[in-house]
Amino acid sequence: MSNILQDDIFYYCEEKNFRGIECRVSLSQFNLTITETGSGNKKRTINVDDVIGCLCMRNQDPNEGSRNPEQDTVSVFLCVYFYSLSKTDFKKSPYRKRETALLRCRKYPAFVENCDHVAKWQSLLYSLIQSNQIYPHMSVTTPNIAESRRLLVFVNPNSGPGVALKTFNTRIRSFLGEANISYDLIVTTHVGHCQQIIQDSKDLSKYTGIVAVSGDGLLYEIFNGLFAREDWDTMCEIPVGAIPQGSGNGLARSLAHFNNEPYLHDPLVVSVLNVVKLKSREMDLCLINTTNFPQKLISFLSVGWGLMADIDIESERLRMIGEARFTVGALARVMRLRTYKATIFYLPVNEDTPSEEMPPLPPLDEPLPDQRWVTMSGEFVCVYSSMVPFIGTDLFFAPKSVLNDGIIWLMIVKAPISKFQVTQLLLSMDKGTHIQLPWVTFVPVTAFRLIPDKSVGPQSYLVIDGEKLDTQAMQAQIIPRKGRIFMR
């Protein structure tokens, strides 16, 4: 019993029975156990990691007072909200199912005493189910207690099918209420709106984290807004949350993959659970230099040029159909396959040394210093890189990727290549088997440089986290563990 943190008698209430069944409730670091005290000793165990919040309530039974006048002013309820992993139907994949446990407390003869007693249970539960980590970005005047849990939430109403704001109001807001998390909501009105707010905000440190209800585009703005701040070295510690509502949701899908969560059944549930637990992990970011863009950029997801970048940008007009736009765009691009001329340099991962932040690369018009750089020149069909496993719901791009492994996973496809081979490449990406194709170069690197030959042939797009730039020389280098992401 040494692992029991709290133990007491409650009455477990089921629907339409607010008197409840007497039970012993025990709370450990990992489980909330409810055991009937009768002869049956029926037991129910709730995984603490599945719990998102709990509320204290007054008696909700309108008839209780007529049966027992004292009861209506004495009892206090503890309502526990949790999302269990359901595996009841072997024909279906597992999924997160919303459940509640309503516990009535009448330990003391006075309502205030019962209320104080339940509040202690509530406080202990929150200390287990939500993070108690210290956030270095937060102001020293902000206490690290439950009252300080506040999120800055950005919603892009035009993401994907265009229902992000409706989804926030009808579903996400109730999650935050159950988790007892307050928030400030900003609905973006134009491209760059979110980034400008993040960059200019004077009181960003009061928030526990920043959440994007959108596709990957709003996450790109958040990270680049943080990077543009003078206090970047401190504010990069602020956790960022990804709630997928766009046509491209690579980061949200990757986080679910890391936790082995049933993302496909309901991407929203598993992603919101990552946020409301308020637990965060370090993640790698990528520093980007280009010739035509004066500021350095931050990438959290991917950098692409060639075939897959073309598919991404040219299917943008079909965003109202969600991620199906990538399939339509792929069919159109394979039928009109293009190749592009360029020179590519990449620095393979040195497995003999740990992944530490490397010195800045020289300017693009200067030679690369390290002799270990590999050079490839000629015509290419695709150059694409990512720091996470998934770049879309069904695009398992980098199967071996880890959130903070200090690696950019780089794919290079040289020409000539047939339309059949390109089709095989795209189809095999849903299982991650594309990396085994003999005409695909797939390497872990810490940096790479791309110099397109703009003097000949057609030009592709340069795409950073789904955002389009005109074709230009660019280079990317990993900055290990420089960001933070909300993740259970």
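The values are calculated or read from the model by the stated rules, or taken from the named source; none is laboratory data. As the structure is a prediction and not an experimental result, all values here were calculated from the model. Cβ sites come from the backbone with ideal geometry, for glycine too, and all protein chains shown count toward neighbours. The accessibility values were calculated without ligands, DNA or RNA, using every heavy atom of the protein model including side chains. Shrake-Rupley method; radii C 1.70, N 1.55, O 1.52, S 1.80 Å.
What the table shows:
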quantity: Residue in the range 447-470 that is nearest to ARG333 (Cα to Cα), counting only those that are in a loop (DSSP other than H, G, I, E, B) and open to solvent by less than 10 Å² (accessible area, probe 1.4 Å); calculated: SER460
quantity: Any chance VAL213 is open to solvent by less than 30 Å² (accessible area, probe 1.4 Å) and outside any helix (DSSP H, G or I); calculated: yes
quantity: Given (1) surrounded by fewer than 18 Cβ atoms within 10 Å (Cβ to Cβ); (2) of a type in the set (Lys, Arg); (3) touching a Leu at 6+ places or on another chain (Cβ under 9 Å), number of the condition ARG481 does not satisfy; calculated: (1)
quantity: Selection status of THR167, under 20 Å from the mean Cα position of the chain (by Cα), of a type in the set (Val, Ile, Thr) and either buried (at least 17 other Cβ atoms within 10 Å of the Cβ) or assigned to a loop (DSSP other than H, G, I, E, B) (or both); calculated: yes
quantity: Among the residues listed as VAL383, VAL374, VAL303, VAL388, the single one being modelled with pLDDT of 95 or more and in contact with a Cys (Cβ under 8 Å, 6 or more places away or on another chain); calculated: VAL303
quantity: Candidate set: the range 220-265, residues that are in a helix (DSSP H, G or I) and of a type in the set (Val, Ile, Thr); chosen: the one least open to solvent (accessible area, probe 1.4 Å); calculated: ILE222
quantity: Subset of the range 5-29 (residues that are under 25 Å from LEU278 (Cβ atoms), touching a residue at least 24 places away in the same chain (Cβ under 8 Å) and surrounded by 12 or more Cβ atoms within 10 Å (Cβ to Cβ)); calculated: LEU5, GLN6, VAL25, LEU27, SER28
quantity: All positions within the range 37-57 that are part of a strand (DSSP E or B) and either touching a Lys or Arg at 6+ places or on another chain (Cβ under 6 Å) or open to solvent by less than 60 Å² (accessible area, probe 1.4 Å) (or both); calculated: ILE46, VAL51, ILE52, GLY53, CYS54, LEU55, CYS56, MET57
quantity: Only one of ILE21, ILE34 that is at pLDDT 95 or above and part of a strand (DSSP E or B); calculated: ILE34
quantity: Residue match in the range 189-206 (condition: open to solvent by less than 30 Å² (accessible area, probe 1.4 Å) and under 28 Å from MET308 (Cα atoms)); calculated: yes
quantity: Long-range neighbours under 9 Å by Cβ, at least six apart or interchain, first residue basic (Lys, Arg) within the range 412-424, second open to solvent by 50 Å² or more (accessible area, probe 1.4 Å) and in a helix (DSSP H, G or I); calculated: LYS419/MET335
quantity: Residues located in the range 104-118, provided they are open to solvent by 40 Å² or more (accessible area, probe 1.4 Å), closer than 19 Å to LEU27 by Cβ and either modelled with pLDDT of 95 or more or out of contact with any helix residue (DSSP H, G or I) (no Cβ under 9 Å at 6 or more places or on another chain) (or both); calculated: CYS115, ASP116
quantity: Top-ranked residue in the range 306-326 [being out of contact with any helix residue (DSSP H, G or I) (no Cβ under 9 Å at 6 or more places or on another chain) and either of a type in the set (A, V, I, L, M) or at pLDDT below 80 (or both); ranked as most open to solvent (accessible area, probe 1.4 Å)]; calculated: MET320
quantity: Any hit, the range 430-449, residues being in contact (Cβ under 8 Å) with a residue 40 or more places away in the chain and closer than 14 Å to LEU337 by Cα; calculated: no
